[in-house]
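Notes to accompany the following structure.
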Amino acid sequence: MTIEAAARPPLAPTSARGPIIHPRWLRVTHWINALATLIMIGSGWQIYDASPLFGFTFPPRIALGNWLAGALLWHFAAMWLLLINGAVYLTLGVVTGRFRRKLFPIHPSEVLHDLLAALRGRLSHEDLASYNAVQKLLYLGVLSAGVVIVLSGLSIWKPVQFQALTAFFGGYNTARYVHFAAMTAIVAFLTVHVVLAVIVPKSLRAMIFGR
Ligand code: HEM
């Protein structure tokens with residue numbers, strides 16, 4: 001080997017396979033969050049069925065836990081996963097500056113423009129490193145729904161200990177409706193989110209492998 005060849009640094013694998021789009025902490029917290037959310041939704045539907053707020057129940061085969069007590073065990077177990085993992089994700093999102101860089105600024109005119117482009121099938125998916133305005137709005141929306149669902153859940157779970165929180169939501173019964181509305185928003189987000197991930201498989205690959 002020549003002296004120059006020996007002195008040359010080995011080719012970084014990153015340069016050969018493209019830059020990292022999603023750092024590891026984001027991918028790990030994202031998938032833990034996805035698992036926790038699915039468990040929370042499935043068990044939440046079973047809990048709802050024991051005392052429905054509206055004139056319908058969820059079919060048992062898409063609910064988790066078999067009966068009320070089983071569903072409560074799933075719900076409270078996944079709750080800690082969602083709470084702790086969500087706190088890690090939000091903290092790192094703020095501290096690393098990712099939220100500022102990726103989710104802001106967001107202008108209504110850009111949202112409208114990108115929404116119309118998406119509906120016409122003309123939205124570019126070339127640059128996975130930056131989100132379009134509709135994505136930004138959806139991600140900010142689901143993050144807000146996540147905060148609301150956790151806080152309203154706490155106020156239903158411990159209405160005596162978290163009296164002020166329960167009162168903030170308008171009382172125990174209203175907090176149940178708020179909790180249900182946040183679940184509906186998250187399920188609506190997930191439906192669009194998963195369809196888009198399937199339509200643009202390279203975005204799914206990036207969320208798994210980072211690039
Ligand atoms: C279970 C199936 C899920 C799949 C297949 C999925 C897929 C993906 C993919 C591919 C991306 C990257 C999008 C891009 O780069 O264009 C992403 C980002 C994101 N997903 Fe999901 N996701 C799932 C569940 C969830 C859930 C349950 C939530 C929240 C409740 C969520 C919230 C987010 C957020 C906030 C981002 C942006 C992350 C950031 O850049 O900070 N996802 N997801």
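Remarks
- Trypsin sites (Lys or Arg not before Pro) restricted to segment 89-155 and DSSP loop, no more than 15 other C-beta within 10 Å: Arg120, Arg122
- Share of pairwise Cα separations in segment 100-141, more than 15 Å, in percent: 38
- Under the Karplus curve 6.51 cos²θ - 1.76 cosθ + 1.60, θ = phi - 60°, whole-Hz ³J(HN,Hα) for segment 96-106, x wherever Gly or Pro sits: 7, x, 4, 4, 4, 6, 8, 9, 10, x, 9
- Backbone phi angles across segment 148-161, fed through the Karplus curve with coefficients 6.51, -1.76 and 1.60 (θ = phi - 60°), yield HN-Hα couplings of 5, 5, 5, 5, 5, x, 4, 6, 7, 5, 10, x, 7, 5 Hz in residue order; Gly and Pro are listed as x.
- Rough spin-label spacing in nm, given labels placed 7 Å along Cα→Cβ, for Phe168 and Ile84: 2.4
- Note on segment 104-211: Cα convex hull, mean projected area over all directions, 8.5 nm².
- In terms of its C-alpha gyration tensor, segment 38-113 has an oblate overall shape, because the principal axis ratio a/c (a ≥ b ≥ c, square roots of the eigenvalues) is not below 1.5 and a/b does not outweigh b/c.
- For segment 100-148, the solvent-accessible area works out to 67 Å² per residue, with a probe of 1.4 Å and every protein chain left in place.
- Cα-centre dipole for the chain with unit charges at Cβ (Lys and Arg positive, Asp and Glu negative), debye to 20: 400
- Among 189-195, 39-45, 27-33, the peptide with the highest mean count of other Cβ atoms within 10 Å heads the list, and the full ranking is 39-45, 27-33, 189-195.
- Positive-end ranking of Ala36, Ala69, Val88 along the dipole of the chain, with charges on Cβ about the Cα centre, is headed by Val88.
- Choice from Gly65, Gly146, Gly121 showing the highest fluctuation, given a GNM over the chain with Cα pairs closer than 10 Å: Gly121
- Shown here: segment 31-188, whose C-alpha atoms stretch 47, 34, 29 Å along the first, second and third principal axes, sorted largest to smallest.
- Using the Karplus relation 6.51 cos²θ - 1.76 cosθ + 1.60 with θ = phi - 60°, the per-residue 3J(HN,Hα) values for segment 113-127 come to 4, 5, 5, 5, 4, 5, 5, 8, x, 10, 8, 6, 10, 5, 9 Hz, with x marking Gly and Pro.
The values are calculated or read from the model by the stated rules, or taken from the named source; none is laboratory data. On a predicted model such as this, the values are computed, not experimentally measured, just so you know. Because the Cβ atoms are built from the backbone with ideal geometry, glycine has one as well, and the counts that use them run over all protein chains shown. Just so you know, the surface numbers come from the protein's heavy atoms only, side chains and all, with ligands and any DNA or RNA stripped out. Shrake-Rupley method; radii C 1.70, N 1.55, O 1.52, S 1.80 Å.
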